[in-house]
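What follows is a short report on a single structure.
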Number of protein chains: 2
Amino acid sequence: MDTQALAEQIARGERRALARAITLVESGRADHRAAATRLLEALETDRQAIRIGLSGTPGVGKSTFIEAFGSMLTGQGLKVAVLAVDPSSARSGGSILGDKTRMEKLSRDPNAFIRPSPAQSQLGGVARRTREVIRLCEAAGYDVVLIETVGVGQSETMVAEMADLFVLLLAPAGGDELQGVKRGIMEIADLILVNKADGELQAAANRTCADYAGALRLLRKRPQDPEGFPKALTVSAVTGAGLSGAWEEMQALTEWRRETDHWTARRQAQARHWFEEEVRQGLLARLTADPDARARMAELGAAVARGDTSPAMAAEEMLESLRG
Amino acid sequence: MDTQALAEQIARGERRALARAITLVESGRADHRAAATRLLEALETDRQAIRIGLSGTPGVGKSTFIEAFGSMLTGQGLKVAVLAVDPSSARSGGSILGDKTRMEKLSRDPNAFIRPSPAQSQLGGVARRTREVIRLCEAAGYDVVLIETVGVGQSETMVAEMADLFVLLLAPAGGDELQGVKRGIMEIADLILVNKADGELQAAANRTCADYAGALRLLRKRPQDPEGFPKALTVSAVTGAGLSGAWEEMQALTEWRRETDHWTARRQAQARHWFEEEVRQGLLARLTADPDARARMAELGAAVARGDTSPAMAAEEMLESLRG
């Protein structure tokens, strides 16, 4: 495969080339993987999209928000890519964003590109493919890459680690209590958006937003934040209220981080982390890729299960055989 | 070091030998590790304690429960070991059970052995050491090994994976709602104990217990459970009410699983899993143990951060150099 030519087509913004490239990086075949690695190496590197991680549990109106927010951005002449990371897609068989009709307008928009979560059994595999798809979209000239996830398990942390900004979308709370937002999530959020600030829920949304703003003030200030960040705002994906304000805040934060070099430092740390993770995954893959190693693992595992040897001793034997 | 002699001393129930062996398996030194592996191989294998995983968030009265429950067991002539797994001990510097005065009676009991959580930076390291300490306690003739953990992150799953039974300790809830118990935890619990079923909280404890019993009935029946399990019971660590009943249920469950071979199957699966995990950790350790590999990782990581190469390409180069 001529990966150089493909890289050039992507750089010219050819949609079909982008789709082909994504299929390539999502493939499990060894020759595809080799081609994907060459392709990633050949990509344009002087284009930087704003990578926005977006998390919200089902029911907060995530699709409606992305539809409205994404359409607003394309209306301003920006190119928007929407990627999904769904840790449960392997089990459920389905995937979020699989049904593009959830974002009817955006999916027909020539300046928008929507890609469902890759079907993968392991979160690590999803992470790698998503990171590579982000790079492809960036090289294809997308200005904003939205990476959405459901707030389950480790997926939020994972998405935050591949984004420049992390946005948490919430619904107005019923009572006067904070919703079951994990403390860890509060600490990685750059912006909290309380959705559904319209009609009957307006007052509840304002209260919820004030609660979160208060909670955010209790957290220690992070070096990568200018004064006043992280922020909590209300938005309405239905009426569009607050959406342009939210985008202005994201731009202001981006601007500040670019000027203070936090932007670059974060991207560098992420790239390094991604490299290290690839090495770790590659090492572990040897245990299953090589038939001899796989057979030896099975054999020693059976001996351990029978009690013929201890797990520690069997592991040492296995590691020794891998060394030889 | 004469690991054979040490194994024999442990088998005779010599406390000091057990303590020395634990220090050995908890050590990070390479020669200690080698000795620990030999020791584990030399241990008696025909003794099987009941390994009970116990989880409960701070405030449910875990220490008081262990003190009362453990003393009841030693009072019946049983030998009891209490181990702690604290995923946060590395960060906080302290460790649960570090302060033995929390279990004043049990810590002076000649038939009880209490060991705080090993200080470790990684949950994987804690897991390995704890598993090995369990084996040591078992070989030393302890009849019951209690492995306690705070219900944080992955630590509960980890403890469940090294235990024969998993017990979840809860406090009476204020309202009529289930407490913030993660669904995943409900699914691994064999027994739910609602503590503080005494005095003013008796009624609330009964209600909470009934709520959980109802919730447990909604879960799919697991093959490893006899009729009626998992169960929810009320106990009071302060008055001792329900403790012997809880122990009887644990024994009944153990008995049933032994007869139906689920007991053995679970232990075999755990041993196999432990072996595989050891192999994985051992492989990854090569990245940091060898100075050349470490230097190469740092070098390639810097190149990736500078944007000179892609993470995927650099990872391939690194894996190639490890292969050579």
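At a glance:
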| quantity | calculated |
| --- | --- |
| Copies compared at A:Arg20 - label distances in nm, ascending, label defined 7 Å from Cα in the Cβ direction | 7.0 |
| Calculated FRET efficiency for the pair B:Ala210/B:Ala5, C-beta based, R₀ 56 Å, to 0.05 | 0.55 |
| Cα-Cα separations in segment A:1-43 greater than 12 Å, expressed as whole percent | 51 percent |
| Euclidean distance of C-alpha centroids, segment A:46-84 and segment B:193-215, integer Å | 46 Å |
| Equivalent ellipsoid semi-axes - Cα gyration tensor, the protein assembly as shown, angstrom | 47, 34, 21 |
| Centre separation in Å (Cα based) which lies between segment B:277-324 and segment A:256-324 | 11 Å |
| Peptide A:265-277 - average C-beta neighbours from other chains (10 Å radius) | 6 |
| By average C-beta atoms within 10 angstrom, highest first, the peptides B:72-80, A:288-296 | B:72-80, A:288-296 |
| Under 20 Å, Cα to Cα: Lys pairs in chain B, sequence gap 8 or more or different chains | 13 |
| Axis-nearest residue of A (beta carbon) for the A-onto-B rotation, whole Å | A:Leu283, 3 |
| Placed amide H near A:Ala189: partners under 5 Å, 5+ positions off or other chain | none |
| Overall form of segment B:234-273 per C-alpha gyration tensor (a/c, 1.5; a/b vs b/c) | oblate |
| Lys/Arg +1, Asp/Glu -1 at C-beta; chain B dipole; positive extreme among B:Thr264, B:Leu6, B:Ala303 | B:Leu6 |
| Average other protein chain Cβ within 10 Å of Cβ, residues B:294-307 | 4 |
| Per-residue mean of C-beta atoms belonging to partner chains within 10 Å, peptide B:37-43 | 4 |
| Debye, to nearest 20: dipole size of chain A, +1 on Lys, Arg Cβ, -1 on Asp, Glu Cβ | 300 debye |
| Using a Förster distance of 45 Å, the FRET efficiency for A:Arg15-B:Arg267 (Cβ separation, nearest 0.05) | 0.25 |
| Residues whose placed amide H lies under 5 Å from that of B:Ile114, excluding near-sequence neighbours | B:Val82 |
| CD proxy at 222 nm, helix term only [per DSSP H run n ≥ 4: -39500 (n - 2.57); per residue of the protein assembly as shown; nearest 500] | -17500 deg cm²/dmol |
| Along principal axes, Cα extents of segment B:274-323, largest first, whole Å | 39, 21, 18 |
| Rounded, prolate or oblate (a/c below 1.5 giving rounded, otherwise prolate when a/b exceeds b/c) for segment A:196-268 by Cα gyration tensor | oblate |
| For the protein assembly as shown, share of DSSP beta bridges that run antiparallel, in % to the nearest 5 | 0 percent |
| Largest-first ellipsoid semi-axes for segment A:200-324, taking √(5λ) over the Cα gyration tensor eigenvalues, angstrom | 52, 21, 15 |
| Dimensions in Å of segment B:8-77 - Rg and Dmax from alpha carbons | 16.0, 41 |
| Inter-copy separations for A:Pro110, label at 7 Å along Cα-Cβ, nm, ascending | 9.0 |
| For chain A: span of alpha carbons on each principal axis (Å, largest first) | 67, 50, 40 |
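No value in this document is a laboratory result; all are computed from the given coordinates. Here the structure is a predicted model, which is why all the values come from computation and not from measurement. When we count neighbours, we look across all protein chains shown, and the Cβ atoms used for this are built from the backbone with ideal geometry, even at glycine.
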